[in-house]
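J.: Dropping the structure in here first, questions after.
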Amino acid sequence: MGYMRSGGGRPSRPTARHAAKFLGVSVLAGVVMAGIALPATGALGLTAKGTAQQFNDLPGELKRPPLSQASHILDANGDLIATVYSRDRTVVPLNQVNPVMQKAIVAIEDSRFWQHGPIDPKGILRALGTNAQDGGVAQGASTLTQQYVKNVFIEEAGDDPKAVAEATQQTIGRKIKELKYAIQIEKELGKKQILSNYLNITFFGEQAYGIEAASERYFSTHAADLTLGQSALLAGLVQSPTGYDPLEHPKAATDRRNTVLMRMAQLGDISNAQAKAAEALPLGLKPSIPKNGCITAVMGAGFFCDYVREEFLNDPAFGSTAQARAKRWETGGLTIRTTMDPKAQQSVQASITQHVYKSDPVATAVTLVQPGTGKILAMGQSRPYGFDSDETQINYSVNQTMGGGMGFQSGSTFKPITAAAAIDGGTDPNTVEPAPYSMSYPSSVSTCGKPWVNSDGESLTNESKSEVGPMNMKKAMALSVNTYFIQLIGQVGICPVTQMASKLGVTQSNGDALQQVPSVTLGTQLVSPLTMASAYATFANHGVYCSPTAIESITDASGKSIPVPATDCKQAMSANTASTINTLLKGVVEDGTGTLAGLKDRDSAGKTGTTDGLKNAWFVGYTSDMAGAVWVGDPSGNREMYNITIGGVYHAQVMGADTPGPIWHDAMSGALAGTTSPPLSTVQLSGDDNGGNNGGNGGDGSNAGDQTQNPPSGNGGGNNNGGGGGHKGHHKHDPNPFPTDIFP
């Protein structure tokens, strides 16, 4: 590899005696700088004794970090989702590099490689003589072994500019290290392994590290299949990957290739006729565009791919510190098999594409998970992963710490969590509440600490004046009656509700616990679709919550398995409570607000949700073997969804039933096509005509009634970074709305 030569004053003419002395171990390092031989230690102000001490004080072993390579992220079937890397490299053994390539690199970089030791005395003498005759520093003397050592220093430095500068600095101290470790390496590895390592570590330009990546980048072939001309071109590149870049400078690259061919002929590696024939050929480039990162993911799985990366970087199982995990990810060479079901992912993407366009003023995010395992089966959104207009790198499906934004108000999709807390605490689901059209918040509600007090006389209403009680929990759930659930949380208290939410993995998207306010039951706090899908999967799984996971298994570059933590599954509620919630939510899709979402070929259950101002619309639902959440809204939290066209369809207003519901239906239908699902476990409630798994009678049905109403001390959001979710929701019919409360 060529390096920059040091200039400075004209060196004095060396002598044979100086050169011989130069070769002594005691002064070996002190007289070589920046790949060239300098005349004598005296001229450098160094003594043989001092140089020997520097040499001997170095650590005895060269630390050779694993070469950074590309990692491959696979779906559950083992097919490629995306390739990610900090350095595009695929390590191959020497027997997978065409012998002509091996000869080409040796010929141009270190023609005496097979004859000399870690340093080349003849090369040093030649450099001394040539440089002296030229009056400068025209020729270097680094061997392939020394170059390999230098590349190890560079590899260890990674992308840290300061560390790279130190690894390549033109100083005697660095050269001392390079020479000592070259001696060690030759003893330890032998010539063939050094050549193999060199070919795999060297940078060939155009993001290609190592001979295999370079072969792919410039010729779309493997290192084993390189021709003579291709080999000569690649061998010539390492001296100056930028200056001889054939894609940018084809004339310079051709001249350099021909120089390599001539050198190979001079050494007898090839005949003159072979060299001439190869020189006459065009470069024959067939470049492959580097495909790196989640932006290249198939099936719209860019955000799932990004979640896999975040899961790796955030889990202590993959490194005790964030720095250690980041280094391991950058080193790469990993094969990561994920939980993504390609059929489910394709179905999600097809449903999104059909219902919401990426150029629409609002967006959608869809996530599917598997009850009982926590496996994330699919994840997509209408605004693709990318940097262009109508694209984003913010994952609307997940919490902020995992690459998401600030989350979105969940609206009435939170009500089943309140119901679960109440039932698990002993409340009879047949309990009848007055549930008037309008009411004041309870004057005082117990919390996990100091009681919440309605000091301002805050009130709320239902969406429609026809939605009045008295009614039981089943009808209230089917119609999504706000006053019923405020009365319910007033009786059971806020603490059991937030504690149940915690057991279901529900926190605010920024990682904070839910606030202790009664409006929590109306879904005024900011959460993510993955959070809600995982919570609802608990109902399908007999009350056992399983934390979401995207990684199934990992192997490193050597094929060794890396332990992957299992999902954490815990009983969040009794099985009877879960069965009761199933019964209530079956009523929602059979006879309530979610009829457009319900599946006809198997048991399904779910809940609609719409926030104040129609800024967010949701449907979260499940079968016994799949759960999913769909959110629709403006990621910035500013757009009210009135008189709006989404996916080419005009909507006077968008609510949980009419847009998220059909998206969920189509995504789930495709994901589950060709399968059967066991029936959901249910219970018989009073008023059920059939009881059991039939779910009973859910009320008169309505697409309204699931908006948040004047949530006191509620949370809002909205930010320009894609993490919004609406404001502290006052009802649009309320003559005295409360002021907006925006998250920072």
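The values are calculated or read from the model by the stated rules, or taken from the named source; none is laboratory data. Predicted model, so just to flag it, every value in this text is computed and none were measured. All Cβ positions, glycine included, derive from the backbone under ideal geometry; neighbour counts span all protein chains shown. Accessible surface areas use protein heavy atoms only, side chains included; no ligands, DNA or RNA. Shrake-Rupley method; radii C 1.70, N 1.55, O 1.52, S 1.80 Å.
J.: Going through the stretch 223-240 one residue at a time, which ones are hydrophobic (A, V, I, L, M, F, W, C) and under 34 Å from the mean Cα position of the chain (by Cα)?
T.: Ala223, Ala224, Leu234, Leu237, Val238
J.: Which pairs do you get when a residue that is more than 14 Å from Leu614 (Cβ to Cβ) and part of a helix (DSSP H, G or I), found in the stretch 400-414, comes within reach of a residue that is open to solvent by less than 20 Å² (accessible area, probe 1.4 Å) and at pLDDT below 95, reach meaning Cβ atoms under 7 angstrom, with the pair 6+ apart or on two chains?
T.: Gln400/Gly723
J.: Could you tell me which residue of the stretch 126-156 is surrounded by the most Cβ atoms within 10 Å (Cβ to Cβ), considering only residues that are assigned to a loop (DSSP other than H, G, I, E, B) and modelled with pLDDT of 50 or more?
T.: It comes out as Ser142.
J.: Right, next: Identify, from the list Ala252, Ala213, Ala224, the residue that is open to solvent by 30 Å² or more (accessible area, probe 1.4 Å), within 20 Å of Arg89 (Cα to Cα), small (Gly, Ala, Ser) and not in a loop (DSSP other than H, G, I, E, B).
T.: Ala224
J.: Those residues that are open to solvent by 30 Å² or more (accessible area, probe 1.4 Å) and either in contact with a helix residue (DSSP H, G or I) (Cβ under 6 Å, 6 or more places away or on another chain) or over 27 Å from Gln516 (Cβ atoms) (or both), I need them from the stretch 444-460; list them, please.
T.: Across the stretch 444-460, the qualifying residue is only Cys448.
J.: Restricting to the stretch 304-350, what's the tally of residues that are among the small types (Gly, Ala, Ser) and in contact with a Gly (Cβ under 7 Å, 6 or more places away or on another chain)?
T.: 2
J.: Just to be sure I understand the filter: pairs with C-beta atoms under 7 Å, separated by 6 or more residues or on different chains, first member in the stretch 88-105 and open to solvent by 40 Å² or more (accessible area, probe 1.4 Å), second member in a helix (DSSP H, G or I) and not basic (Lys, Arg). Which pairs pass?
T.: Thr90/Glu212; Thr90/Ala213; Val91/Asn200; Pro93/Ser196; Gln96/Ala223; Gln96/Ala224; Lys103/Met264
J.: Can you give me the ranges of the helices (runs of 4 or more DSSP H) entirely in the stretch 37-125 with at least 1 residues that are among the basic types (Lys, Arg) and at pLDDT 95 or above?
T.: 99-109
J.: Moving on. Are there any pairs with C-beta distances below 7 angstrom linking a residue in the stretch 261-280 that is free of Cβ contacts under 8 Å to residues at least 12 places away in the same chain and at negative phi to a residue that is assigned to a helix (DSSP H, G or I) and open to solvent by 70 Å² or more (accessible area, probe 1.4 Å), with the two at least 6 apart or on different chains, and if so which?
T.: Sorted first by the residue in the stretch 261-280, then by its partner, the pairs are Ala265/Asn272.
J.: Then there is this: Residue by residue through the stretch 662-677, note down the ones that are in contact (Cβ under 8 Å) with a residue 60 or more places away in the chain and in a loop (DSSP other than H, G, I, E, B).
T.: Listed by number, the residues that qualify are Ala673, Thr676, Ser677.
J.: Is it fair to say Gln354 is in contact with a helix residue (DSSP H, G or I) (Cβ under 9 Å, 6 or more places away or on another chain), within 20 Å of Ile646 (Cβ to Cβ) and either part of a helix (DSSP H, G or I) or open to solvent by less than 10 Å² (accessible area, probe 1.4 Å) (or both)?
T.: For Gln354, the condition - in contact with a helix residue (DSSP H, G or I) (Cβ under 9 Å, 6 or more places away or on another chain), within 20 Å of Ile646 (Cβ to Cβ) and either part of a helix (DSSP H, G or I) or open to solvent by less than 10 Å² (accessible area, probe 1.4 Å) (or both) - is met.
J.: Check off (1) more than 27 Å from Ala578 (Cα to Cα); (2) touching a strand residue (DSSP E or B) at 6+ places or on another chain (Cβ under 7 Å); (3) not polar (S, T, N, Q) for Ile646 and give me the number that stays unchecked.
T.: All conditions are met except number (2).
J.: Follow-up. Of all the residues that make up the stretch 461-476, how many are surrounded by fewer than 20 Cβ atoms within 10 Å (Cβ to Cβ) and of a type in the set (A, V, I, L, M, F, W, C)?
T.: Within the stretch 461-476, residues that are surrounded by fewer than 20 Cβ atoms within 10 Å (Cβ to Cβ) and of a type in the set (A, V, I, L, M, F, W, C) number 1.
J.: Could you grab me the full set of residues in the stretch 326-343 that are open to solvent by less than 40 Å² (accessible area, probe 1.4 Å), part of a helix (DSSP H, G or I) and at pLDDT below 95?
T.: Matches in the stretch 326-343: Ala326, Trp329, Thr331.
J.: Next question, about the same structure. In the stretch 574-610, how many residues are over 20 Å from Ser351 (Cβ atoms), modelled with pLDDT of 95 or more and in a loop (DSSP other than H, G, I, E, B)?
T.: Number satisfying all stated conditions: 2.
J.: Could you tell me whether Gln515 is over 18 Å from Met532 (Cα atoms), open to solvent by 50 Å² or more (accessible area, probe 1.4 Å) and modelled with pLDDT of 95 or more?
T.: no
J.: Tell me, which residue of the stretch 283-322 that is without any contact (Cβ under 8 Å) to a residue 60 or more places away in the chain and not hydroxyl-bearing (Ser, Thr, Tyr) is surrounded by the fewest Cβ atoms within 10 Å (Cβ to Cβ)?
T.: Only one residue tops the list, namely Ile289.
J.: Within the stretch 541-573, can you find the residues that are modelled with pLDDT of 95 or more, over 17 Å from Asn314 (Cβ atoms), in a loop (DSSP other than H, G, I, E, B) and open to solvent by less than 50 Å² (accessible area, probe 1.4 Å)?
T.: Across the stretch 541-573, the qualifying residues are Asn541, Gly543, Ala572, Met573.
J.: To continue, here is another question. Listed residues Gly670, Gly656; which is open to solvent by 10 Å² or more (accessible area, probe 1.4 Å), of a type outside the set (D, E, K, R) and within 31 Å of the chain's Cα centre (by Cα)?
T.: Gly670
J.: Now a separate question. What number goes with the only condition from (1) farther than 21 Å from Ile663 by Cα; (2) open to solvent by 10 Å² or more (accessible area, probe 1.4 Å) that Ser624 does not pass?
T.: (1)
J.: Considering only the stretch 358-381, state which residues are part of a loop (DSSP other than H, G, I, E, B), on the phi < 0 side of the Ramachandran plot and open to solvent by 10 Å² or more (accessible area, probe 1.4 Å).
T.: If the condition is that a residue be part of a loop (DSSP other than H, G, I, E, B), on the phi < 0 side of the Ramachandran plot and open to solvent by 10 Å² or more (accessible area, probe 1.4 Å), then Lys358, Ser359, Asp360, Pro361, Gln370, Pro371, Thr373 are the ones that fit.
J.: Which members of the stretch 302-343 meet the condition of being within 13 Å of the chain's Cα centre (by Cα) and β-branched (Val, Ile, Thr)?
T.: Correct list: Val308, Ile336, Thr338.
J.: Pull out all pairs, ordered by first then second residue, where Cβ-Cβ is under 8 Å, the residues are six or more apart or on different chains, the first lies in the stretch 639-661 and is over 15 Å from Gln354 (Cβ atoms), and the second is part of a loop (DSSP other than H, G, I, E, B) and open to solvent by 70 Å² or more (accessible area, probe 1.4 Å).
T.: Met655/Asn703; Ala657/Leu596; Ala657/Asn703
J.: List pairs: first in the stretch 189-200 and in contact (Cβ under 8 Å) with a residue 12 or more places away in the chain and under 13 Å from Val149 (Cα atoms), second of a type in the set (Val, Ile, Thr) and open to solvent by 10 Å² or more (accessible area, probe 1.4 Å), Cβ under 6 Å, 6+ apart or cross-chain?
T.: Listed pairs, sorted by first residue: Asn200/Val91.
J.: Only one residue in Ser459, Ser464, Ser502 is at pLDDT below 95 and out of contact with any strand residue (DSSP E or B) (no Cβ under 9 Å at 6 or more places or on another chain), so which one is that?
T.: Ser464
J.: Related question: Within the stretch 416-443, which residues are open to solvent by 10 Å² or more (accessible area, probe 1.4 Å), outside any helix (DSSP H, G or I) and aliphatic (A, V, I, L, M)?
T.: Val432, Met439
J.: Checking Ile270 against (1) in contact with a helix residue (DSSP H, G or I) (Cβ under 6 Å, 6 or more places away or on another chain); (2) assigned to a helix (DSSP H, G or I); (3) open to solvent by less than 30 Å² (accessible area, probe 1.4 Å), which test does it fail?
T.: (2)
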